[in-house]
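Just so it is clear, none of the values below were taken in a lab; they were calculated from the coordinates. Just so it is clear, the structure is predicted and the values come from calculations on it, not from any experiment. When we count neighbours, we look across all protein chains shown, and the Cβ atoms used for this are built from the backbone with ideal geometry, even at glycine.
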Amino acid sequence: MNDIGAAEARQVEVLVIGAGQAGLSAAYHLRRTGLVPDRDFVVLDHAPRPGGAWQFRWPTLPYGRVHGMHALPGMELTGADDARPSSEVIGGYFAAYEERFGLRVHRPVDVTAVREGAGGRLLVESSEGTYATRALINATGTWDRPFWPRYQGQETFRGRQLHTAQYAGPEEFAGQRVVVVGGGASGTQHLLDIAPYAASTLWVTRREPVFRKGPFGEEEGRAAVALVEDRVRQGLPPRSVVSVTGLPLNDAIRKGIADGVLDRQPMFDRITPDGVAWADGREERADVILWATGFRPVVDHLAPLRLRESGGGIRLEGTRVARDPRIHMVGYGPSASTIGANRAGRAAVTEIRRLLAQERELVS
């Protein structure tokens, strides 16, 4: 972007990319500091409607089965019907939240790149134009970057392959042989969902799944977050909080184990035209391979700023990017949970207020 383009960019103090839990939390705290939406700060969201990633959850995931959903700051989610789809309940809640606090989210808007601009500002290029901002809160999450592992023979498979991000419900697997790949919560949820409809299911994971017994309180939660936080302090790609906490051993999981649905098998070595195969010669026929293999952070738009460390991740100090104090990452690594996102939004705004105040002192 040249200087003419920078001069024509719309000037704001803070720009927030993403309007999921982390982005809305940040916007709420920006508003509480006295900054005015659409004048001092702008929130851009590429999703078609409120709800963050929740709006894309499969319709057979009822709100009552959602684990660890924490309310946004300043407004509780009350009176929700546990039987309604989580996408509807949480989407409606987010919409009401935006309206109540006048957050004026711009959507759908795609951010294509963030570059260095003139006068110490960052240039944010988007589908609705270019913004020049003093500080940036990146709250883009992971939903738009599903991770697809690659295995020998994958392109030869004659059946269907899909990712969790494309899962619409169990009915479409009726009478089919389904292989579910992945040891996280989505993998077990899909298996329990699909098993009553499918001709057969097979669960494969790279590592032996760890089921968490007993209570999971604040102390355990802090310890798990600390493990993830340590990785991002080292500039390593973050792991999810769930990956270090294990799977909750609830009644549904116990029943799945007892029924043989959650009978984990080691990862296959290759994919054949008709299924999957292991090095010892064992083969299983399949009509569908469902990759419940997680997501990666959506950060490609930040590539022009060269924020990655040699370890492959973006190193953070709290929520602040170590290489650029104007940029904060919320909903990334240790804050990639609903309660973590709330706290990260507040922490990022506290530091940005300090940064803006320092800049004003220098100018005066």
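Estimated purely from DSSP H runs of n ≥ 4, each contributing -39500 (n - 2.57), the mean residue ellipticity at 222 nm for the chain is -8500 deg cm²/dmol once divided by its residues. Treating r as the C-beta distance of Arg49 and Asp81 and R0 as 22 Å, the FRET efficiency rounds to 0.65.
Let me check against my output: what whole-number percent is the relative contact order of the stretch 128-204, with C-alpha pairs under 8 Å and at least 6 apart?
27
Put simply, when 308-314, 325-331 are sorted by average Cβ atoms within 10 angstrom per residue, most first, you get 325-331, 308-314. The stretch between Glu359 and Arg206, if pulled fully straight at 0.36 nm per residue, gains 50.1 nm over its current Cα-Cα span.
Taking the DSSP bridge list for the chain and keeping only pairs wholly inside it, about 40 percent are antiparallel.
Here each label is just a point 7 Å from Cα along the line to Cβ, and for Ala303 and Tyr197 those points are 3.6 nm apart. For the chain, the ratio of Cα radius of gyration to the globular rule of thumb 2.2 N^0.38 Å stands at 1.06. Neighbours of Gln152, meaning other residues whose beta-carbon lies under 9 angstrom from its beta-carbon, give a summed charge of +1 when Lys and Arg score +1 and Asp and Glu score -1. For the stretch 267-363, the alpha-carbon radius of gyration amounts to 1.72 times the rule-of-thumb value 2.2 N^0.38 Å expected for a compact globular protein.
Could you grab the relative contact order for the chain? Cα pairs under 8 Å, six or more apart, rounded to a whole percent. The value is 22 percent.
The gain in end-to-end length when the Glu99 to Asp38 segment is fully stretched comes to 20.6 nm, 0.36 nm per residue minus the alpha carbon separation. Among Gly64, Gly182, Gly79, the largest mean-square fluctuation in a Gaussian network model of the chain, built with springs joining Cα atoms closer than 10 Å, belongs to Gly79.
Seen from Arg282, the other residues with C-beta closer than 13 Å to its C-beta sum to a net charge of -2, counting Lys and Arg as +1 and Asp and Glu as -1.
Treat the count of other C-beta atoms within 10 Å as a stand-in for reagent exposure and order Val204, Val105 from fewest to most.
Values: Val204 19, Val105 23.
The fewest-first ordering by Cβ neighbours comes to Val204, Val105.
For Asn250, neighbours were defined as the other residues whose beta-carbon sits under 14 Å from its Cβ, and their charges (Lys and Arg +1, Asp and Glu -1) total +4. Here the residues Asp81, Asp324, ranked from fewest to most Cβ neighbours within 10 Å of their Cβ, fall in the order Asp81, Asp324. Once you've got the GNM for the chain with C-alpha springs shorter than 10 Å, pick whichever of Glu125, Glu317, Glu76 has the biggest mean-square fluctuation. Sorting by GNM fluctuation, first place goes to Glu76.
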